[in-house]
1. Work out Dmax and Rg for the stretch B:193-325 from the C-alpha atoms and quote the Rg first, both in angstrom.
2. Order of B:195-202, B:107-114 by packing, highest average Cβ count within 10 Å first?
3. How much net charge surrounds B:LYS168 when only other residues with a Cβ under 12 Å from its Cβ are counted (Lys, Arg +1; Asp, Glu -1)?
4. Using only the Cα atoms of chain B, what semi-axes does the equivalent ellipsoid have when each is the square root of 5 times a gyration tensor eigenvalue? Give whole Å, largest first.
5. Where does the charge balance sit around B:PHE317 when Lys and Arg score +1, Asp and Glu -1, over other residues with C-beta under 9 Å from its C-beta?
6. How do A:VAL55, B:VAL236 rank by accessible surface area computed with a 1.4 Å probe, from largest to smallest?
7. At 1.4 Å probe size, what's the solvent-accessible area of B:CYS46? Round to the nearest 10 Å².
8. Taking R0 as 51 Å, what FRET efficiency do you get between B:MET59 and A:SER25 from their Cβ-Cβ distance, rounded to the nearest 0.05?
Amino acid sequence: MASKASLKGKGKAGKGSKASEEGSSAAKCVKEWSTWAMKKAKVITHYGFIPLIIVIGMNSEPKPQLYQLLSPV
Amino acid sequence: MGSSVSHAAAPPPPPSPPAVGLAVALPPKQDEKAEPKNVDWLNLPCPVPFEEIQREALMSLKPELFEGLRFDFTKGLNQRFSLSHSIFMGSMEVPSQSSDTFKVPTAHYEFGANFLDPKLMLVGRVLTDGRLNARVKCDLTDNLTLKINAQLTNEPHFSQGMFNFDYKGTDYRTQFQIGNNAFYGANYIQSISPHLSLGTEIFWLGHQRKSGIGFAARYNTDKMVATGQVASTGIVALSYVQKISEKVSLASDFMYNHLTQDVTSSFGYDYILRQCRLRGKLDSNGVVAAFLEERLNMGVNFILSAEVDHRKKDYKFGFGMTVGE
């Protein structure tokens, strides 16, 4: 009886897993892409944030000169 | 006019002050007396943001104490754009499980760029070991603000980021936060009266399936600020700041953690004088700390920091200079 119950449970679980597999593969794809996108965004932000600030700052009014970036005065 | 008229008018409180000497001190008091009758309950002031509810107490009691040498140089290229160079050589504390404090000697150079516009603020700091601290604050509309705070490291899984959306209403503020590790939080604060504001916050940590709720209250007048915070994580925090004069304010703070049965209370002072700012505090953990910022010249500040922990026998002294605004 216990084995019958367990077989029934396995069968149900099998059916449920088939149906959820299709649903979960789409969710997995989305998750994979979003993880990939987050990783790329993190690398881009890590390397590009400070240059972005410098570019925005050098283009703001009044425009500072390029040598002012490096000189300590 | 006649002395008899003034005698008759003396018993009821006259709108004009009785003596010239007190006239300088009295007008604010009279405004306060008139205020309770004229409170416009539909037009209350906007409260401070929820995370700044203990701002005055934190500014006085928690200065940036450090150990070692610190040198900051800020160079402004523009009214809005500036670069900063910062050197730090000293010991930094590594949090450890045991009660011993682990100090690691570190030296780093930090390069930073700031762009400060009324509508957009970008602050970035990068260290020699590759860590990036980024802060973005953008006013999307008049009332909606987006804030991004991120610490990115080269090591995987150590980076942190947080997105905050703030909405400011006429007499309330609300904020929604999204952070990494599936952290979601929201808070709301409302002015109840011209002096009292109440707020609440909830948060949910996805990966650890933890959630919490907290309540806060802030009562402030021109001279004092009292705040209280209770959270379901078992933390009760109270603070009280009294402004003694334009130059002096005293602050006290009490924190109780129910889960670790930890109680801390501290008392501090904040002197803002013409040439210097001196902050000191005394703690119930046996910690005495002081922080001095002295203005030597226009834009040149000399900093001294001291923290003496009698219980752990940990003595930290630091000095430094800050050049530039």
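The values are calculated or read from the model by the stated rules, or taken from the named source; none is laboratory data. This is a predicted model, so every value here is computed, not measured. Glycine also receives a Cβ, built like all others from the backbone with ideal geometry; neighbour counts cover every protein chain displayed. Only protein heavy atoms, including side chains, enter the accessible area calculation; ligands, DNA and RNA are left aside. Shrake-Rupley method; radii C 1.70, N 1.55, O 1.52, S 1.80 Å.
1. 18.5, 53
2. B:195-202, B:107-114
3. -3
4. Details: eigenvalues 326, 145, 110 Å².
Largest first, chain B gives 40, 27, 23 Å.
5. In short, -1.
6. Result of the area sort, largest leading: A:VAL55, B:VAL236.
7. 50
8. Working from the Cβ atoms, E equals 0.45.
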